[in-house]
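Trainee: Supplied in structure tokens, the structure appears directly below.
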Ligand code: CA
């Protein structure tokens, strides 16, 4: 791949993982003590945290490197800038006090890393939804004091979803600050994970999308976006499959509302698909396949789809080439790789 030839656009990768050694050690401790009820956590991090498999060791090292190795990997694949987010499930597996403190300290560390390499890194804040008001305060501090560009929330928090109004201070803060929330996958919640586990379908192969897609549908039908009409959400993995469902979700939602089938489904001001078109942005993380990218660009608009690598989990040079070769005009290609990210995250 020719990564040094002049390009008419910067490549900004918008869903790039990082972690602190401190958090990795806390994950290892959970694995040893079995201190939480989250089967998905044990299946996924049991592999990364303890396995000596080369891929696990490699990921465990790469995700914690915030210097030469990461920058070298970016140079080797022609990535100009990474938008960093604390890897899933972030602080969301800990008790509220631990998680709140850890979010603050990791955000401070992330800001320090960005100050060292301001042209190569930008970042989203970790927050602890377990303490919603604290999470809202930390989001405000991270944006106004640290220069971070929004927040990442890794789907469910100990089996709870953000459509519960107790979490809505976080949405109010994001809307007031005009920063996006990246709803990043997590393994399926304890309530839904069992049939995924025995076939190892709980993580990126499918479970992440099932979990995160469900979470987003809960947000939409609960009326979050009528209450917070300017709230902006970013989804990875081309929208976790939801863009493929636009027609059917509208048809069926109208029927459920008409039949008054559930207390949990109220009439909305718009169709479910309208919120996915108006309040959401999409990144390609891990989905470097032209038919899917083209479909989402056509349905959601060229101004809403951004490039992401999903480093270090999907560090694949050929995928960058595949995205360079998308059948796009120069204008749309620059939007895809660069200017959408600059606008949406205010880089
Ligand atoms: Ca990711």
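Trainee: I'd like the FRET efficiency for residue 263 and residue 206, computed as 1/(1 + (r/R0)^6) with the beta carbon distance as r and R0 of 22 Å, rounded to 0.05.
Mentor: 0.15
Trainee: Then there is this: Placing one identical point scatterer on every Cα of segment 24-92 and ignoring solvent, what is log10 I(q)/I(0) from the Debye formula at q = 0.15 Å⁻¹?
Mentor: Calculated log10 I(q)/I(0) at the listed q: -0.58.
Trainee: Quick check: residue separation of residue 343 and residue 247 times 0.36 nm, minus the Cα distance between them. What number comes out in nm? Mind showing how you got there, number by number?
Mentor: Working: separation 96, 0.36 × 96 = 34.56 nm, distance 2.86 nm.
Result for the pair: 31.7 nm of gain on full extension.
Trainee: Report the residue, chosen from 213, 72, 239, that carries the largest GNM mean-square fluctuation when the chain is represented by alpha-carbon nodes joined by springs under 10 Å.
Mentor: Result: 72 has the largest fluctuation of those listed.
Trainee: Cα-based Rg (one decimal) and Dmax (whole number) for segment 87-234, in Å?
Mentor: 15.3, 45
Trainee: Can I ask one more? Hey, got the Cα dimensions of the chain along the principal axes, in Å, largest first?
Mentor: 58, 53, 44
Trainee: Another question about this same structure. Per the Cauchy relation, a quarter of the hull surface: what is the mean projected area of the convex hull of the alpha carbons in segment 128-209, in nm²?
Mentor: Numbers: hull surface 22.6 nm².
Orientation-averaged projected area of the Cα hull: 5.7 nm².
Trainee: Moving on to the next point. Take every DSSP beta bridge whose two residues both sit in the chain, then give the antiparallel share in percent to the nearest 5.
Mentor: 5 percent
Trainee: Placing one identical point scatterer on every Cα of segment 231-347 and ignoring solvent, what is log10 I(q)/I(0) from the Debye formula at q = 0.10, 0.19 Å⁻¹?
Mentor: Taking Cα atoms of segment 231-347 as identical point scatterers yields -0.35, -0.98.
Trainee: Compute log10 of I(q)/I(0) for segment 60-139 with the Debye formula, placing one identical point scatterer on every Cα and leaving out solvent, at q = 0.18 Å⁻¹, to two decimals.
Mentor: -0.76
Trainee: Can you work out D for segment 1-125 in µm² s⁻¹ from Stokes-Einstein, where Rh is the Kirkwood radius over C-alpha pairs, the temperature is 37 °C and the viscosity is 0.692 mPa s?
Mentor: It comes out at roughly 207 µm²/s.
Trainee: Mind putting together the pair-distance distribution for segment 261-328? All Cα pairs, 5 Å bins, whole percent per bin, short to long.
Mentor: Binned Cα distances yield the sequence 3, 15, 23, 18, 13, 10, 8, 6, 4, 1.
Trainee: Using the Cα atoms as the points, what is the convex hull volume per residue of segment 177-242 in Å³?
Mentor: With only Cα atoms used, segment 177-242 gives 92 Å³ per residue.
Trainee: Moving to a separate point now. Give me the number: length gained by fully extending residue 26 to residue 298, i.e. 0.36 nm times residue separation minus the C-alpha to C-alpha distance, one decimal in nm.
Mentor: This chain segment gains 93.6 nm when fully extended.
Trainee: What is the extension gain from residue 95 to residue 52, computed as 0.36 nm multiplied by their sequence separation minus the C-alpha to C-alpha distance, in nm to one decimal? Kindly include the intermediate steps, with their values, before the conclusion.
Mentor: Numbers: separation 43, 0.36 × 43 = 15.48 nm, distance 2.90 nm.
Extending this stretch completely gives an extra 12.6 nm.
Trainee: Expressed as a fraction of 2.2 N^0.38 Å, the rule-of-thumb size for a compact globular protein of N residues, what is the C-alpha radius of gyration of segment 12-60? Can you show the working numbers first?
Mentor: Numbers: Rg = 11.9 Å, N = 49, 2.2 N^0.38 = 9.7 Å.
Rg over 2.2 N^0.38 Å, computed on Cα atoms: 1.23.
Trainee: On average, how much area does the Cα convex hull of segment 59-100 cover when viewed from any direction, in nm²? Working shown, then result.
Mentor: Working: hull surface 15.1 nm².
Mean projected area for segment 59-100: 3.8 nm², to one decimal.
Trainee: When the chain is modelled as a GNM with alpha-carbon springs shorter than 10 Å, which of 206, 282, 27 fluctuates the most?
Mentor: Sorting by GNM fluctuation, first place goes to 206.
Trainee: Sorted by average packing, counted as other Cβ atoms within 10 angstrom per residue and highest first, what order do 79-90, 109-120 take? Mind showing how you got there, number by number?
Mentor: On the way: 79-90: 24.5, 109-120: 15.5.
Result, highest mean Cβ count within 10 Å first: 79-90, 109-120.
Trainee: Moving to a separate point now. How big is the gap, in Å, between the Cα center of segment 52-84 and the Cα center of segment 170-216?
Mentor: Comparing the Cα centres of segment 52-84 and segment 170-216, I get a distance of 24 Å.
Trainee: Where in segment 275-304 does the amide nitrogen come within less than 18 Å of the point 7 Å from the Cα of residue 317, taken along Cα to Cβ?
Mentor: none
Taken together, the values in this text are just the output of simple stated rules run on the coordinates, not laboratory data. The structure displayed is predicted, hence computed values, not measured ones. No Cβ is skipped: glycine too gets one built from the backbone with ideal geometry, and neighbour counts run over all protein chains shown.
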